[in-house]
Amino acid sequence: PGQLAMLRKAQEFFQTCDAEGKGFIARRDMQRLHQELPLSLEDLEDVFDALDTDGNGFLTPEEFTTGFSHFFFSQNNP
Amino acid sequence: DPNMKAGATSEGVLANFFNSLLSKKTGSP
């Protein structure tokens with residue numbers, strides 16, 4: 001059940017980042033969130049680099065979900 | 001170990017990022 005909730009949230013957040021619906025998140029998509037989230041451009045760069053595990057400059061839904069699952073389960077399993 | 005430090009930092013920055021997304025979602029009607 002937790003897995004399903006996590007996947008739903010991950011998908012929702014992915015769409016928030018990929019506002020154009022390209023199917024991936026580019027670095028500039030992440031920088032655009034600067035206007036919506038209380039994070040600095042530097043923080044958003046760090047987030048992008050942390051999620052982009054293969055370092056190709058694009059975040060796939062899989063990479064995003066993997067990163068989010070670590071956060072989600074660390075929050076829900078103290 | 002610099003790698004461990006980088007790992008901990010990125011974990012914190014990711015937590016910050018996802019928490020911001022969560023509050024953005026819950027904050028809007």
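Read-outs: derived from the displayed coordinates by stated rules, not from any lab. Note that the coordinates shown come from a computational prediction; the quantities given were computed from them, not determined experimentally. Here the Cβ positions follow ideal geometry from the backbone for every residue, glycine too, while neighbour counts run over all protein chains shown.
How far apart, in nanometres, would the label points at A:ARG32 and A:THR66 be if each is projected 7 angstrom from Cα along the Cα-to-Cβ direction?
In this crude spin-label approximation the distance works out to 2.5 nm.
Considering the Cα trace of the protein assembly as shown, what is its radius of gyration and what is Dmax, both in angstroms?
Calculated on Cα positions, Rg and Dmax stand at 13.2, 44 Å.
Report ³J(HN,Hα) in whole Hz for each residue of the range B:18-23, in order, from the Karplus equation J = 6.51 cos²θ - 1.76 cosθ + 1.60 where θ = phi - 60°; Gly and Pro get x.
Running phi through 6.51 cos²θ - 1.76 cosθ + 1.60 with θ = phi - 60° gives 5, 5, 5, 5, 4, 6 Hz.
Given labels modelled 7 Å from the Cα in the Cβ direction, how far is it in nm from B:LEU22 to A:LEU4?
Label at B:LEU22, label at A:LEU4, 2.1 nm between them.
Would you mind computing, in nm to one decimal, how far apart the modelled labels at A:GLN75 and A:LYS22 are, each placed 7 Å from Cα along Cα→Cβ?
According to this spin-label approximation, the distance is 2.6 nm.
Tilt of helix A:61-76 relative to the longest C-alpha principal axis of chain A, in degrees (0 to 90, nearest 10)?
Once rounded, one gets 50 degrees.
Quickly estimate the mean residue ellipticity at 222 nm for chain A, helices only: each DSSP H run with n ≥ 4 gives -39500 (n - 2.57), and the total goes over all residues, rounded to 500.
Taken over chain A, the calculation gives -19500 deg cm²/dmol.
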